[in-house]
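What follows is a set of notes on a single structure, which appears directly below.
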Amino acid sequence: MKRYFRELSVAGALLILLLVLALFAPAFFQPQPLRSLLTREAPTLVVACGMAFVIIIRQIDISVGSQFAVCSVCAGLLAALKWPLVLVLPASVALGALMGAFNGMLVAGLRLPSIVVTLATMVTWREALRWQRQGQFVNLPDNLQWFGLSQSGGQWTLMGAALVVLTLLAWATRHLAAGRFIYAIGSDAEAARLAGLRPQSTTFAVFVFMGALVGLAAMMNVVQSPQVDPKSGSGLELKVIAAAVVGGVAVSGGRGRLWGVFAGLLLLACISPALTHFHVEAYWEKAIQGAIILLAVVADGVRSRKQIR
Amino acid sequence: MSAANPPLLQLSSVAKSFGAVRALRGVSFDLRAGEVHALLGENGAGKSTLIKVITGAHQPDGGTLAMDGGLLEKLSPAAARKLGIACIYQQPALFPDLAVAENIALRLESGGALRKVDWAARRLQAVGLLERIGADISPDAEVRSLSMPEQQLVEIACAIGSGARIVIMDEPTASLTRKEVALLFAVVRDLRSRGVGVVYISHRLEEIFELADRVTVLRDGQSVGTCPVSGMTEAGLIKLMVGREVAQLYPPAEGVAGQVVLALKQLGCAAGGVKNVSLEIRAGEIVGLAGLVGAGRTELARVLFGITPADSGEISLNGRSITVASPQDAVGQGIAYVPEDRRRHGVILEMPIAQNMSMAIHSRIFPAAWLRDGAEARLAQEFIRNLGIKAYGPQAPGGSLSGGNQQKVSLARWLATRPKVLILDEPTQGVDVGAKSEIHKIIRRLAMEGLAVLMISSDLPEVLGMSDRIAVMRGGTITALLPGKSEAHAVMAAALGQNQ
């Protein structure tokens with residue numbers, strides 16, 4: 001129990017929020033708005049899983065929002081060229097992985113600080129895209145939206161896909177040796193190196209994987225609308241970092257669980273609709289989200305200080 | 001000094017525990033104004049904890065501290081500094097990017113963040129202090145560019161400048177040349193003549209005889225005796241430090257050394273400062289690697305383990321020449337390295353001990369890339385039993401264990417790789433006495449099972465007691481090979497570069 005305290009407290013907070021909503025604003029649970037809310041968050045969940053890995057190895061990637069936009073636009077352009085979905089999806093994933101590899105090369109290969117590297121790539125991808133598109137949207141062929149299914153069918157598919165990704169990754173962190181490496185390197189890279197692990201290769205791989213997940217998430221977002229906004233994904237990096245931190249991923253590395261991240265993401269995502277149902281002005285959303293993040297960080301700080309004694 | 005005057009500093013039965021480890025179990029110690037009082041003890045005897053109690057970094061669990069007869073309660077580092085207690089650590093705690101004068105000023109000036117800095121006065125003060133201790137250092141030099149002894153002199157200048165009445169020096173000569181030592185001693189004597197009380201910690205007995213007025217010996221967290229240096233002999237001090245006859249403490253060697261397992265020929269690594277090392281280690285043999293801090297012992301181990309690969313010479317294993325370019329290579333060849341400072345490079349504290357133990361052998365116990373918890377738990381259980389690790393189970397986090405048990409976990413990780421050569425770097429540093437002798441027994445047992453063991457240790461009695469042969473390093477190379485039952489002074493002389 002104690003080991004999962006952090007994750008359980010987030011899940012508890014989420015449950016309390018849902019309970020309060022159930023009692024005082026049952027309208028929140030109307031199937032359709034709830035389903036659109038969860039569908040909107042499905043791509044975010046996929047990116048948040050990748051971000052959790054990046055933070056666990058004691059790095060950060062703030063370029064995910066820009067990567068997301070690049071992947072979305074490229075996927076849209078390919079789809080407009082009548083590429084079938086089975087080709088567009090892997091192309092988007094590969095493009096994301098490529099951008100991740102660029103970050104990884106600089107961080108792991110040249111040992112540059114990831115905050116600076118990904119700040120640079122964040123600005124570069126975003127501005128390159130702005131110059132290329134001049135703010136123009138990409139119109140998508142009709143058969144792409146909701147994978148050509150009905151709206152509810154598409155929504156169920158996306159939510160299902162996000163949950164499958166989450167479950168697979170959660171299983172992998174627990175049962176694959178690679179998951180163990182990530183925690184070991186995040187806890188103590190030097191000890192891991194002395195134990196024969198390869199911190200630099202692992203770091204590179206985690207950045208590539210992050211990019212691939214962004215490519216997948218971009219695709220999950222593209223199919224939700226008839227057009228691709230070249231500004232999509234702005235602020236995504238903050239959302240997923242917040243979800244990871246609130247969900248119990250330690251910024252100091254080496255600790256965190258994906259189902260905690262899931263709870264953290266849902267908690268943050270439910271704030272805005274909850275405010276609407278309680279007739280609080282939407283301006284408060286960010287302030288409340290900020291307070292939750294602060295609370296999570298303070299809780300971690302107090303905890304680690306107790307451990308040091 | 002009349003008897004009526006209370007001593008400058010008086011500690012009575014000070015005790016301090018960290019979890020299960022009792023670092024201090026009743027230390028009494030007094031320091032008079034104008035004396036150099038040496039503090040002597042093996043590694044792990046409690047010296048560093050005692051310093052931290054005096055400087056206010058640790059609160060004692062029991063006992064009292066008094067200065068000039070007045071009790072000091074709830075001493076904080078800031079309060080200790082205000083009282084005039086200064087400590088000069090082995091690794092100077094200066095700001096490398098700032099100039100000498102700025103470093104001194106940071107320590108001595110107080111006041112608001114918005115006060116105007118008087119650069120000229122600051123520089124003048126630094127010049128004055130450096131002159132007073134006879135240091136030839138420019139106040140404008142960046143501290144980064146100074147040598148270790150120069151940095152220590154800057155620390156001393158800070159201590160003097162702050163009007164310190166008690167100066168604690170923690171192994172100040174560990175990395176100094178003889179000439180620098182002479183300069184440092186002159187400064188210490190000058191401090192003494194000004195009425196400052198100096199607590200002097202050193203492993204070098206001859207320094208204590210040269211410099212100190214009185215000496216207090218610590219053993220296993222207790223003060224076992226205080227006496228004037230003039231009435232003491234080296235042998236007497238060693239006896240006080242060790243307490244028992246050395247031979248009784250260590251498990252006897254019963255096996256016979258077998259084939260040569262590891263052979264080094266003219267091995268060198270410019271980046272690590274290791275040059276021209278030749279050494280053979282046989283199966284069943286423990287070779288102790290002695291030398292002063294900075295002699296290149298850990299550096300040699302890092303070369304052998306491929307962390308800083310060799311750039312000249314040859315390593316052969318069982319008669320076959322091998323290259324060790326990375327830790328993975330070393331593990332593959334059967335070389336294991338249990339690093340120094342297990343808290344930083346050994347056990348991962350957040351991880352369960354089972355995961356810590358399996359870390360170096362993932363490819364063997366998890367051939368299919370996914371983890372089989374059963375195999376891991378069995379491995380952990382086996383080592384917990386074999387090495388007598390005290391933990392509530394394989395899932396206990398590494399951080400919940402005592403130092404000695406953490407060291408055993410670190411050892412288990414490497415034994416799991418089934419090595420042919422085991423390199424141990426300070427295997428019992430910071431481990432309490434009971435666990436220490438257990439670890440010694442384990443090391444001897446491993447050797448008798450046919451492992452070739454290279455044991456780096458700064459703990460001279462340990463080197464003498466455990467080794468079948470002793471290699472002494474100095475200046476990055478092996479300068480002497482001595483038989484296991486050598487005298488302490490022979491090893492020390494070789495480490496210091498003195499020819500008998």
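The values are calculated or read from the model by the stated rules, or taken from the named source; none is laboratory data. Keep in mind the model is a prediction, meaning the values are calculated, not measured. Positions of Cβ are backbone-derived with ideal geometry, glycine not excepted, and every protein chain shown enters the neighbour counts.
Remarks
- Restricting B:L379, B:L349 to those that are more than 9 Å from chain A (Cβ to nearest Cβ) and surrounded by 14 or more Cβ atoms within 10 Å (Cβ to Cβ) reduces the list to B:L379.
- Criterion violated by A:I292 - all others in (1) in contact (Cβ under 8 Å) with a residue 12 or more places away in the chain; (2) within 30 Å of A:G154 (Cα to Cα); (3) assigned to a helix (DSSP H, G or I) satisfied: (2)
- A single member of B:A435, B:A493, B:A452 is closer than 27 Å to B:K275 by Cα and surrounded by 18 or more Cβ atoms within 10 Å (Cβ to Cβ), and it is B:A452.
- Filter result (crowded, with 18+ Cβ neighbours inside 10 Å and either more than 9 Å from chain A (Cβ to nearest Cβ) or in a loop (DSSP other than H, G, I, E, B) (or both)) within segment B:309-337: B:P309, B:A310, B:I315, B:L317, B:V324, B:Q333, B:G334, B:I335, B:A336
- Within segment B:106-165, the set of residues being in contact (Cβ under 8 Å) with a residue 60 or more places away in the chain, touching a helix residue (DSSP H, G or I) at 6+ places or on another chain (Cβ under 6 Å) and farther than 22 Å from B:A182 by Cβ comprises B:S162 only.
- Members of segment A:266-309 found to be within 20 Å of A:L21 (Cα to Cα), modelled with pLDDT of 85 or more and aliphatic (A, V, I, L, M), listed by number: A:L266, A:L267, A:L268, A:A269, A:I271, A:A274, A:L275, A:V280, A:A287, A:I288, A:A291, A:I292
- For segment B:388-406, taking the residues that are within 20 Å of the chain's Cα centre (by Cα) and either away from chain A (no Cβ under 14 Å) or surrounded by fewer than 22 Cβ atoms within 10 Å (Cβ to Cβ) (or both), the one that is farthest from A:A195 (Cα to Cα) is identified as B:S402.
- Here B:R385 meets each of (1) surrounded by fewer than 19 Cβ atoms within 10 Å (Cβ to Cβ); (2) in contact with a helix residue (DSSP H, G or I) (Cβ under 9 Å, 6 or more places away or on another chain); (3) in a helix (DSSP H, G or I) with one exception, condition (2).
- Residue, modelled with the highest pLDDT, within segment B:352-370, restricted to residues that are facing another protein chain (nearest Cβ under 7 Å) and closer than 11 Å to A:A177 by Cα: B:Q355
- Candidate set from segment A:147-173 (those that are assigned to a helix (DSSP H, G or I) and among the polar types (S, T, N, Q)); member that is farthest from A:R257 (Cα to Cα): A:Q151
- Any hit, segment A:163-175, residues being over 20 Å from A:A244 (Cβ atoms), within 12 Å of another protein chain (Cβ to nearest Cβ) and over 20 Å from the mean Cα position of the chain (by Cα): yes
- Boolean, A:A217 is crowded, with 21+ Cβ neighbours inside 10 Å and within 14 Å of another protein chain (Cβ to nearest Cβ): no
- Which listed residue is of a type outside the set (F, W, Y), under 25 Å from B:K47 (Cβ atoms) and within 14 Å of another protein chain (Cβ to nearest Cβ), from B:L424, B:L464, B:L460, B:L496: B:L424
- In the set (1) more than 13 Å from every other protein chain (Cβ to nearest Cβ); (2) under 26 Å from the mean Cα position of the chain (by Cα); (3) at pLDDT 90 or above, the condition left unmet by B:V409 is number (1).
- Subset of segment B:17-27 [in contact with a Gly (Cβ under 8 Å, 6 or more places away or on another chain) and either farther than 20 Å from B:A57 by Cβ or buried (at least 22 other Cβ atoms within 10 Å of the Cβ) (or both)]: B:A23, B:L24, B:V27
- For segment B:438-468, a residue qualifies if it is part of a strand (DSSP E or B) and out of contact with any Gly (no Cβ under 6 Å at 6 or more places or on another chain), and the qualifying residues are B:A452, B:V453, B:L454, B:I456.
- Candidates are the residues of segment B:130-149 that are hydrophobic (A, V, I, L, M, F, W, C) and closer than 21 Å to B:A186 by Cβ; the one that is modelled with the lowest pLDDT is B:M148.
Yes/no matrix, rows are residues, columns are (1) over 19 Å from B:I54 (Cβ atoms); (2) modelled with pLDDT of 85 or more:
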position	(1), (2)
B:V154	yes, yes
B:I160	no, no
B:T173	yes, no
B:R178	yes, no
B:L183	yes, no
B:V187	yes, yes
B:V199	no, yes
B:R214	no, yes
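- Scanning segment B:83-116 for residues that are in contact with a Ser or Thr (Cβ under 7 Å, 6 or more places away or on another chain) and of a type in the set (D, E, K, R) yields a single hit, B:R107.
- A:W146 at positive phi and either hydrophobic (A, V, I, L, M, F, W, C) or within 13 Å of chain B (Cβ to nearest Cβ) (or both): yes
- Residue count, segment B:55-95 (criterion: in a loop (DSSP other than H, G, I, E, B) and crowded, with 16+ Cβ neighbours inside 10 Å): 11
- Looking across segment A:243-289, the residues that are β-branched (V, I, T), in a loop (DSSP other than H, G, I, E, B) and in contact (Cβ under 8 Å) with a residue 12 or more places away in the chain come down to A:V249, A:V251.
- No other residue among A:V214, A:V164 is in contact (Cβ under 8 Å) with a residue 12 or more places away in the chain, of a type in the set (V, I, T) and under 24 Å from A:P90 (Cβ atoms) apart from A:V214.
- Exactly one residue out of B:R385, B:R418, B:R372, B:R378 is in the same structural domain as B:A283 (by TED's automatic domain parsing), basic (K, R) and in contact (Cβ under 8 Å) with a residue 24 or more places away in the chain: that is B:R418.
- Filtered by the rule that a residue be surrounded by fewer than 22 Cβ atoms within 10 Å (Cβ to Cβ) and within 7 Å of chain B (Cβ to nearest Cβ), segment A:184-196 gives A:E190, A:R193.
- Qualifying positions in segment A:233-262 - small (G, A, S) and surrounded by fewer than 24 Cβ atoms within 10 Å (Cβ to Cβ): A:S234, A:G235, A:A242, A:A250, A:S252, A:G253, A:G254
- Note on segment B:206-233: among residues that are in a strand (DSSP E or B) and either of a type outside the set (A, V, I, L, M, F, W, C) or not assigned by TED's automatic domain parsing to the domain that holds B:L31 (or both), the one that is nearest to the chain's Cα centre (by Cα) is B:R219.
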